[in-house]
1. Would you mind stating whether Arg413 is charged (D, E, K, R), more than 25 Å from the chain's Cα centre (by Cα), surrounded by 15 or more Cβ atoms within 10 Å (Cβ to Cβ) and more than 30 Å from Val203 (Cβ to Cβ)?
2. Out of Asp77, Asp41, report the one residue that is surrounded by fewer than 24 Cβ atoms within 10 Å (Cβ to Cβ) and closer than 28 Å to Asp424 by Cα.
3. Among Arg237, Arg270, Arg324, Arg288, which is over 20 Å from the mean Cα position of the chain (by Cα) and more than 21 Å from Asp74 (Cβ to Cβ)?
4. Mind listing just one residue for me: the one in the stretch 187-215 that is of a type in the set (S, T, N, Q) and at pLDDT 95 or above and, of those, nearest to Lys114 (Cα to Cα)?
5. Being aliphatic (A, V, I, L, M) and at pLDDT 95 or above is the filter here; which residues of the stretch 248-292 pass it?
6. Evaluate the following for Ala279: is it under 18 Å from Ile10 (Cα atoms), assigned by TED's automatic domain parsing to the domain that holds Leu71 and crowded, with 17+ Cβ neighbours inside 10 Å?
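The values are calculated or read from the model by the stated rules, or taken from the named source; none is laboratory data. Bear in mind the structure is a predicted one, so any value in this text is a computation, not a measurement. A quick note on method: Cβ atoms are made from the backbone with ideal geometry, for glycine too, and the neighbour counts reach across all protein chains shown.
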Amino acid sequence: MPDTRKPNFIVIFADNLGYGDLGCYGHSVHRTPNVDAMARDGMRFTDFYVSAGVCTPSRGSILTGCYAQRLNLDESDKGHAVLQPVAAKGLHPDEITVAEVLREEGYATACVGKWHLGDQPEFLPTRQGFDSYFGIPYSEDMVARPDKDWPNLPLLRNDRVIEAPVDMTTITERYTEESIRFIEANKNRPFFLYLPQALPGSVKIPQVGERFRGRSGNWAYGDCVEELDWSTGEIIRALQWHGLDENTCVVFVSDNGTPLNHGGSNAPLRGWGYSTWEAGMRVPCVMRWPGTIPAGAECAEVATTLDLLPTFARMAGTTEPQDRVIDGRDIAPLMRAEEGAQSPHEAFYYYFREQLQAVRSGQWKLHLAREDRTVFGRGGDMPPIGQPLLYDLVADPGETTDLAAQHPDVVERLKGLAEKMRADLGDTGLEGPGRRPAGRVDDPKPLMM
């Protein structure tokens, strides 16, 4: 008799993990047997993207299926690339998250980990479709210090601070235990677990658990990657123990590329996190679902974190919201490796804050000719000012050979796609009609115990 239960979904969202940081993506030092096993048992994506090279906009997109510009989360309330503590801005409560879509279908929902979509009560996960929350509200490098009037970094359970400052050296183990408890508590009903991990993290000296210190061959960064892999293995084993393995889709993906000088690898891509080079926004992604996603599969079609909401919604027997624009598309045919399945995206757009900097369509990526280009990436090279650059990403994922002069027709076609997007979501000095308001509060206050 066929299994008619709705599938469970788990999204493990690493923080600043590079494209080349896993064994299954070519790293020769980091030991990642559990994620590598996921790739053997499931599908490895080679051309998988996040909507931004920094974490707040990337996190807004994975939960809503929308480009961050559509959510007005491409810049903080104080003009920074990401939200900072005691922010007046956050994900608007009227936005519909994947958690809200699935909860309407009877799912238990939990967020365990780094939120970074607003630290005021109005914006916390329990107001955005999650039944429970355990984690930190923003990045672990945003701590109290002499040059910043920030509160101690808090750990929250639901909307209450239970520890401040949080001990980040134990946080991955605690996130893992919390996730396994959630799985056990909801083994008899469909569930959605969103696990935005702390590791490898935003600080240059990563905060790794004691039993993993010094274990890798790549200082503290490698230790963090290996602890992250351990956590993933524990979650997979919990699914197997409870007989949930063949009814659970597990997605392992990073929120953006690894930054310069943190110890990570984006090989073979060009650039670093926080930029619109491939290394900033193309990320490792492995999906595992025994019996549904074929073992040992590889997908080279363009897919994105924008696609998770519509894909999960349809797998759960419903659809993405129909009363607003959703940028993501259903990628179930890619996940099932159906014959002839192709990317549902005509184009993918590389924004940095409000500025459209590049567009990809099929094999081609065009860095737009701009005089006002700004790239947040801390170090690394920047495309020449005022010069279009065209790359064949299939033949040249490292963006080494500019082909603009040889393919003027492709340049013009991609410029047309860029103009179409500008007319919707805007650009520097151009307000897009497709942008929706972010959430705002008048008098933000620190989260206190």
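1. Against the criterion (charged (D, E, K, R), more than 25 Å from the chain's Cα centre (by Cα), surrounded by 15 or more Cβ atoms within 10 Å (Cβ to Cβ) and more than 30 Å from Val203 (Cβ to Cβ)), Arg413 qualifies.
2. Asp77
3. Arg237
4. Within the stretch 187-215, the match that is nearest to Lys114 (Cα to Cα) is Gln197.
5. Val250, Val251, Val253, Ala267, Leu269, Ala279, Met281, Val283, Val286, Met287 - these are the residues of the stretch 248-292 that are aliphatic (A, V, I, L, M) and at pLDDT 95 or above.
6. no
Table: residues versus (1) outside any strand (DSSP E or B); (2) within 22 Å of Tyr19 (Cα to Cα); (3) of a type outside the set (S, T, N, Q).
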residue	(1), (2), (3)
Gln240	yes, no, no
Cys249	no, yes, yes
Thr258	yes, yes, no
Ser275	yes, yes, no
Thr311	yes, no, no
Gly317	yes, no, yes
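Every residue, every condition in (1) in contact with an Asp or Glu (Cβ under 8 Å, 6 or more places away or on another chain); (2) buried (at least 24 other Cβ atoms within 10 Å of the Cβ), yes or no:
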position	(1), (2)
Arg174	no, no
Ile180	yes, no
Pro206	yes, yes
Tyr221	no, yes
Leu228	no, yes
Thr232	no, yes
